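Step one of this worksheet: look at the structure below.
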Amino acid sequence: PGGVRLVGGESRCAGDLELEHQGEWRPVECRYSLWTLKAAGVACRELDCGSAVSVGRRKESSERDMWWIRPDCVESGSARRECAAAYSSSYSLTLTCS
């Protein structure tokens, strides 16, 4: 689906959440964002993967360019472009959907 995918997981419905924004795919930052199962469920539904089962973060070996997304903005139903901003981090968001 347009603009969101899970990569590196055991199935197409698990892994690191990546977002396409401003024409660029980047992981979603998760060091300071408090992602709930409700916010993660929005991404799972977009991927046709049911609901969110778990949400976590993965520490990468070094900082890289990511998208920082406000979970409350996602939960409210706002467009992703209104919720995303460029960020540099070493923590990426991981999701497992049902």
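The values are calculated or read from the model by the stated rules, or taken from the named source; none is laboratory data. Note that the structure is a prediction, hence the values are computed from the model and not measured. Here the Cβ is made from the backbone with ideal geometry for all residues, glycine too, and neighbour counts use every protein chain on show. Keep in mind that these areas ignore ligands, DNA and RNA; they rest on the heavy atoms of the full protein, side chains included. Shrake-Rupley method; radii C 1.70, N 1.55, O 1.52, S 1.80 Å.
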In terms of the Cα gyration tensor, with a ≥ b ≥ c the square roots of its eigenvalues, is segment 7-47 rounded because a/c is under 1.5, prolate because a/b exceeds b/c, or oblate?
-> rounded
With all protein chains present, how much of the accessible area of the chain (probe radius 1.4 Å) comes from carbon and sulfur, to the nearest whole percent?
-> 47 percent
Net charge (Lys, Arg +1; Asp, Glu -1) of residues whose beta-carbon lies under 15 Å from that of residue 86, residue 86 excluded, is -1
In debye to the nearest 20, the charge dipole size for the chain, taken about the Cα centre with +1 at each Lys and Arg Cβ and -1 at each Asp and Glu Cβ, equals 160 debye
Would you compute, from DSSP H runs of 4+ residues alone, the mean residue ellipticity of the chain at 222 nm, taking -39500 (n - 2.57) per run and dividing by the full residue count, rounded to the nearest 500?
-> -4500 deg cm²/dmol
For the chain, what is one quarter of the convex hull surface built on the Cα atoms, given in nm²?
-> 5.4 nm²
For segment 64-98 versus segment 14-44, the gap between their alpha-carbon centres in whole angstrom | 4 Å
Go through the chain and flag any cysteine with no other cysteine's C-beta closer than 4.7 Å, please.
-> 30
Å² of accessible area per residue within segment 1-86, as computed with a 1.4 Å probe and no ligands counted = 57 Å²
